[in-house]
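The values are calculated or read from the model by the stated rules, or taken from the named source; none is laboratory data. Being a predicted model, the structure only gives us computed values, none of them experimental. In this analysis, Cβ positions are derived from the backbone assuming ideal geometry, glycine residues included, and neighbour counts consider all displayed protein chains. For the accessible areas, the whole protein counts, side chains as well, though only heavy atoms, and no ligand, DNA or RNA atoms are used. Shrake-Rupley method; radii C 1.70, N 1.55, O 1.52, S 1.80 Å.
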Amino acid sequence: MSFALFKTTTRANWVTGVVILLVMIMYLAIIIPMYDLEIEKMIGLLPEGLANAMGYSEVFTGLTGFIASYYYCFLIIMFPMIYCIIVANALVARYVDRGSMAYLLSTPNTRLKIITTQAAYMLVSVTLLFGVVTVIGIGMSEAMFPGELDIKGFLLLNLGAMFAFYVISGISFLSSCIFNETKYSLALGGGIPVLFLVINMLSNVNPDYKWIGNFSLFALYRPADIIERAPFTFVAFIILILIAAVLYGSAIVIFNRRNLPV
Amino acid sequence: MSIIIIRNLTKIYSSGKGVFDLSFKINEGEAFGYLGPNAAGKTTTIRVMLGFLNADNGSCRVGELDCRKQAARIQENMGYIPGEAAFFDGMTGMEFLNFMAAMRGLKDRLRTDSLISRLELDTSGKIRRMSKGMKQKLAIVAAFMHDPAIYVLDEPTIGLDPLMRNIFIELILEEKSRGKTIFMSSHNFDEIERTCDRAGIIREGKLVAVEDINSLKAARRKVITVTVASDEDIRKLKESGLDIENISGNHIDVVVRDNFDGFIAGLNKCRVRGLDIKTQSLEQVFLKYYGQEKVEE
């Protein structure tokens, strides 16, 4: 870890994080107050396929189930995904593509030190993103519907989402470490996560397509199972952490060994 | 004692270009010029030296350290100017220099300040908005600020105006007199001639010569365009045994290597209306190293 680099990386990327965070908070602020409105009727106005694709078909009881259904099935996947794709690309591939990586490497810091700093920024920022959303989510729920939130379930919901995004950011980060040009880094590092999201939506549309959902990473993140504390939930968490570790580990090893034409 | 040792270095890109079986040594305190036209392999050599690229074969060492595996330790004592200066988005010149100083753990900023004022660098503006020359000055300050023992400079004078180029050459000579080792690539022989003790000439990835700067000067081909008054003068010049490359109207291109006395004696016989030194590419200057095979092709 290089403190100087971490500071500069933060200065270059914090705005993206804050914008995504604000959008996520805004949606929380829209969705939570709807709990006592008859939102089901409103969703009923949407075309059925669209509502299903966004995961709104699984209607849970209670405030936690409500949030899990309307927030954690789609919105909390999409916005952090955009964040991971943009930032992971900016952390490594953009420096290599532009040539400014040469300046980082011409200082007495090893490649290992530089790349672990960038990886740390990615992980710390994803953690912060979900940490803040969790705290605000709990705060809003308690303020509007005191005592109705299953706080433990809500924490698990967010913990799982965070682990899933350690993996998503790991995919984008690995891709960023592999390619010399941002167009390829973005194609793979953005393409795979978006594909997972699309598969997940498809599998929700029609019970006939349910099986296809198993090919998405989000098979390991099922909000409905988490708030019911299905036993597989915890196995899924461990699998997510392991995949993330492999992705970040390979990214670091590859960056250390490769040619950098900067 | 050799400080930079390159042995049988080969690095081939997928395009088939690269450097092939390079070997040379640079002594401590020496200024070494690395001459070649664009795309000859100069930057590739430097990228291996900096540890950015893995060599396919052979090795590159600085002192006892391997350029690839111990790059970070080498960088403690190296100043580098990249061939194409690319900085970080959104920083001002000063923010960039502060960042580089922090990355190097550099506290003492006296030298940085004196370099800034010497190069007349304005550090307050955003780098994105700087002119090419200003960016190049910034790159120079970043490479010199930590007072390194070895300088690796990839076409350092690109974008500098002639005046700044002179200040830069002064700076190089000063560092040289302080015992620093300098490795400098260029496609311009003049600035290498003014600063370096020895030079290597690279052509299509292969080293075609490593020579003392004085022998290179002797091998150097200058073409001087002489404008004379009449056809009679042209005839006289032809007879004087000078190497005449081209005649158009009363402009005569004479090739001069180290026979300036003979050239002037030849001119003495005729009425000269004008003299002009033709600017030439490196290939034309060193026809000896670049030319022969081209003729055969």
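Can you work out the FRET efficiency for the pair A:Trp211 and A:Val19, with r the C-beta to C-beta distance and R0 = 35 Å, to the nearest 0.05?
Details: r = 37 Å, r/R0 = 1.04.
The value I calculate is 0.45.
Rounded to the nearest 20 debye, the dipole size of chain A about its Cα centre is 1420 debye, using +1 on the Cβ of Lys and Arg and -1 on the Cβ of Asp and Glu.
Out of the trypsin sites (Lys or Arg not before Pro) in the stretch B:149-178, which ones are loop residues according to DSSP with at most 10 other C-beta atoms within 10 Å?
On the way: sites: B:Arg165, B:Lys176, B:Arg178; in loops: B:Arg178.
Those that pass, being in a loop and sparsely packed, are B:Arg178.
Taking label positions 7 Å along the Cα-Cβ direction at both A:Ala224 and B:Thr225, the computed distance is 8.4 nm, reported to one decimal. Take the Cα of B:Ser14, step 7 Å toward its Cβ, do the same at B:Lys206, and the gap between the two points is 2.7 nm.
Between B:Asn259 and A:Phe234, the simple label model (points 7 Å from Cα in the Cβ direction) yields a spacing of 9.5 nm.
Report the antiparallel proportion of the DSSP beta bridges in the protein assembly as shown as a percent, rounded to a multiple of 5. Don't skip to the end; give the middle numbers.
Numbers: 37 of 55 bridges.
If I count the DSSP bridges inside the protein assembly as shown, around 65 percent turn out antiparallel.
Relative to the Cα centre, the charge distribution of the stretch B:152-297, modelled as +1 at Lys and Arg Cβ and -1 at Asp and Glu Cβ, gives a dipole magnitude of about 320 debye.
On a 0 to 90 degree scale, rounded to 10, what angle separates helix A:182-205 from the longest Cα axis of chain A? Once rounded, one gets 20 degrees.
So which trypsin sites (Lys or Arg not before Pro) in the stretch B:51-102 are both in a DSSP loop and have at most 14 other Cβ atoms within 10 Å of their Cβ? Each step should come with its number before you reach the end.
Numbers: sites: B:Arg61, B:Arg68, B:Lys69, B:Arg73; in loops: B:Arg68, B:Lys69.
Answer by residue number: B:Lys69.
Do any of B:Lys180/B:Lys222; B:Lys11/B:Lys180; B:Lys137/B:Lys222; B:Lys25/B:Lys288; B:Lys11/B:Lys176; B:Lys42/B:Lys206 go past 21 Å between their Cα atoms, and which? It would help to have the intermediate numbers written out before the result.
Details: B:Lys180/B:Lys222 31 Å; B:Lys11/B:Lys180 28 Å; B:Lys137/B:Lys222 31 Å; B:Lys25/B:Lys288 23 Å; B:Lys11/B:Lys176 30 Å; B:Lys42/B:Lys206 10 Å.
Pairs exceeding 21 Å: B:Lys180/B:Lys222; B:Lys11/B:Lys180; B:Lys137/B:Lys222; B:Lys25/B:Lys288; B:Lys11/B:Lys176.
Rounded to the nearest 5, what % of the DSSP beta bridges within the stretch B:57-188 are antiparallel ones? Here the antiparallel bridges make up roughly 25 percent for the stretch B:57-188. The Rg/Rh ratio of the protein assembly as shown, with Rg taken over Cα atoms and Rh as the Kirkwood radius over Cα pairs, comes to 1.16.
Shown is the FRET efficiency for A:Ile82 and A:Ala120, computed with R0 = 25 Å from the Cβ-Cβ distance and rounded to the nearest 0.05: 0.75.
Per residue, how many Å² of accessible area does chain B show with a 1.4 Å probe? Working shown, then result.
Numbers: 13670 Å² over 297 residues.
Result: 46 Å² per residue.
What's the average, rounded to a whole number, of partner chain beta-carbon atoms within 10 Å of each residue's beta-carbon in B:47-54? Provide the component values of the computation, followed by the final result.
Details: counts 6, 1, 0, 5, 5, 11, 5, 4.
Mean shielding by partner chains, rounded to a whole number: 5.
Nearest 20 debye, what's the magnitude of the dipole of the protein assembly as shown about its Cα centre given +1 on Lys and Arg Cβ and -1 on Asp and Glu Cβ?
On the way: 57 positive and 55 negative charges, 218 e Å.
Roughly 1040 debye for the protein assembly as shown.
Just to verify a number: FRET efficiency for B:Asp147 and B:Asp89, C-beta to C-beta distance, R0 = 25 Å, to 0.05? Present the calculation step by step, with values, prior to reporting the outcome.
Details: r = 28 Å, r/R0 = 1.14.
Computed FRET efficiency for B:Asp147 and B:Asp89: 0.30.
Protein heavy-atom accessible surface, 1.4 Å probe, per residue over chain A: 42 Å².
Once you reduce the stretch A:207-251 and the stretch B:103-154 to the center of their Cα atoms, the two points are 50 Å from each other. Cysteine residues of chain B whose Cβ has no partner cysteine Cβ closer than 4.7 Å: B:Cys196, B:Cys270. In straight Cα distance, which lysines are under 20 Å from A:Lys7, not counting same-chain residues fewer than 8 positions off? Reachable lysines: A:Lys113, B:Lys107, B:Lys126.
Using only atoms on other chains, find how many Cβ atoms lie within 10 Å of each Cβ of peptide B:67-75 and report the average.
Values: counts 0, 1, 1, 1, 6, 9, 2, 2, 6.
For peptide B:67-75, the averaged partner shielding equals 3.
Just the protein heavy atoms count here, and of the accessible area of the stretch B:1-129 at 1.4 Å, carbon and sulfur take up 46 percent.
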